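Let me begin by presenting the structure, written as structure tokens, before commenting on it.
The values are calculated or read from the model by the stated rules, or taken from the named source; none is laboratory data. Here the structure is a predicted model, which means the values were calculated and not measured. Glycine gets a Cβ as well: all are built from the backbone with ideal geometry, and neighbour counts include every protein chain shown.
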Amino acid sequence: MTEQSNVLRGIRILVGTAAFVIIVAGINLAQTVVVLLLVSFFLAILATHPVLWLKEKKVPSGLAVLIVMTGMITIIVLIGAQLGTSISGLSDELPLLQSSIRKQVLNLSAFLRSKGISGTQKILLEYIKPEVIMSLTAGLLTGLSSILSDLILILLTVTFILLEVSSFPLKVRTILGDPHKIFPHFTKYVIDMKRYMVIKTIINLVAGILIALWMYILGVQFPILWGFLAFLLHYIPNIGAIIAAIPAALLALVQLGLGSAILVLVGNVVVGFVIGNVIETRLMGRKLGLSTLVVFLSLLFWGSILGLVGAILCIPLTMTLKYAFESNESTQWIALLLGSEKSDDISKLVLKKQKVQ
């Protein structure tokens, strides 16, 4: 009997692994559609609170959605116009920037050679290519522009989601069998997700504004572009602030010299540290319930199959998976592995097993 149960368990694991691989491959193949839906849900989460607030003030549902969508479209158009100008200017100057960066690298190599450090020119030119970073940055921003090309479809999706936002909980409860029952676990997940997305967006907005002001004070070209890049990449845990600082520092190196490039890096590091380790921790605490290793692995996983949008939304996507695993008794052990070392899930599971015994 034990041997048969082991065989069945092995078959379940094998089938589950195969299903996982098929799902991941399917998501990767349908990347464009999945990214569009994720961006729509992200914007809908941010817009849900204003819509519900307007409805509490006795504003009709349709009018509340119209007001919020009008404000969102206005903000997107204003930001898009500024970013479009900056991206166009960066693309036009990219060949000149790459040439200037190469000259800076050669000057650095000559300086090191004068100090008795030889053999650096080949390393700097063949293995360390700063101009590639600028090209990748331009490509990244062009990729964002392609996402915005589907803006009408995204905004329509957001509108329909917002129109359904008040009736959706009732529909879920009806499907699950009791229209009047409140499901605390699901409610907590929704509240935590909304709270994380809203607070994270506000924090990133503050970081982007500070970086843009710092770039403007230093005299670096395209300060709005670097501020927006900082806002966007601060969603990426651990390394987002560093990635956002590198292209701006390279531009400052070419345009203003080594001192300004160092100041750009210092400003980004200080803002990233204060925002990420002081303000964000104080506002959100350790409520994500994800271990540090899982956060890093989720960044690699979602980024590899969904690109930049996957890297930006890796935390919400992993939180959703964790909730799904917690909801099923047979997969609670996976949720436990995803949880942080200080998570309450461990003690809850231990108490549950003690009660069963």
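Of the residues making up region 194-210, those that are crowded, with 17+ Cβ neighbours inside 10 Å and either touching a His at 6+ places or on another chain (Cβ under 9 Å) or modelled with pLDDT under 85 (or both) are Tyr196, Met197, Lys200, Ile203, Asn204, Ala207, Gly208.
Somewhere in region 200-209, is a residue over 17 Å from Asn277 (Cβ atoms), assigned to a helix (DSSP H, G or I) and of a type in the set (Lys, Arg)? No, region 200-209 contains no residue that is over 17 Å from Asn277 (Cβ atoms), assigned to a helix (DSSP H, G or I) and of a type in the set (Lys, Arg).
Being modelled with pLDDT under 75 and either assigned to a helix (DSSP H, G or I) or under 17 Å from Lys200 (Cβ atoms) (or both): is that true of Ile346 here? For Ile346, the condition - modelled with pLDDT under 75 and either assigned to a helix (DSSP H, G or I) or under 17 Å from Lys200 (Cβ atoms) (or both) - is met. Scan region 238-245 and give yes if some residue there is under 18 Å from the mean Cα position of the chain (by Cα), surrounded by fewer than 20 Cβ atoms within 10 Å (Cβ to Cβ) and not in a helix (DSSP H, G or I), otherwise no. Checked region 238-245: at least one residue is under 18 Å from the mean Cα position of the chain (by Cα), surrounded by fewer than 20 Cβ atoms within 10 Å (Cβ to Cβ) and not in a helix (DSSP H, G or I). Taking Gly227, is it more than 26 Å from Arg195 (Cα to Cα), assigned to a helix (DSSP H, G or I) and either modelled with pLDDT of 85 or more or β-branched (Val, Ile, Thr) (or both)? No; evaluated as a whole, the condition is false for this residue. One residue stands out among those in region 290-306 that are surrounded by fewer than 21 Cβ atoms within 10 Å (Cβ to Cβ) and among the aromatic types (Phe, Trp, Tyr): the one that is modelled with the highest pLDDT, which is Phe301. Look at (1) surrounded by 14 or more Cβ atoms within 10 Å (Cβ to Cβ); (2) at pLDDT below 70 and you find that Glu341 fails only one, number (1).
Can you confirm whether Ala47 is surrounded by fewer than 15 Cβ atoms within 10 Å (Cβ to Cβ) and either modelled with pLDDT of 85 or more or on the phi < 0 side of the Ramachandran plot (or both)? Here the answer is no, as Ala47 does not meet what is asked. Among the residues making up region 307-325, those that are farther than 15 Å from Lys194 by Cα, surrounded by fewer than 21 Cβ atoms within 10 Å (Cβ to Cβ) and in contact (Cβ under 8 Å) with a residue 12 or more places away in the chain are Gly307, Leu308, Leu321, Phe325.
Every residue, every condition in (1) at pLDDT 75 or above; (2) outside any helix (DSSP H, G or I); (3) under 19 Å from Met319 (Cα atoms), yes or no:
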| site | (1), (2), (3) |
| --- | --- |
| Ser135 | no, no, no |
| Leu140 | no, no, no |
| Leu155 | yes, no, no |
| Leu162 | yes, no, no |
| Lys188 | no, no, yes |
| Asp192 | yes, no, yes |
| Ala212 | yes, no, no |
| Ile217 | yes, no, no |
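Scanning region 270-289 for residues being surrounded by 19 or more Cβ atoms within 10 Å (Cβ to Cβ), modelled with pLDDT under 75 and of a type in the set (A, V, I, L, M, F, W, C) gives a total of 1.
All of Leu290, Leu300 fail the test of being among the hydrophobic types (A, V, I, L, M, F, W, C) and assigned to a helix (DSSP H, G or I), apart from Leu300.
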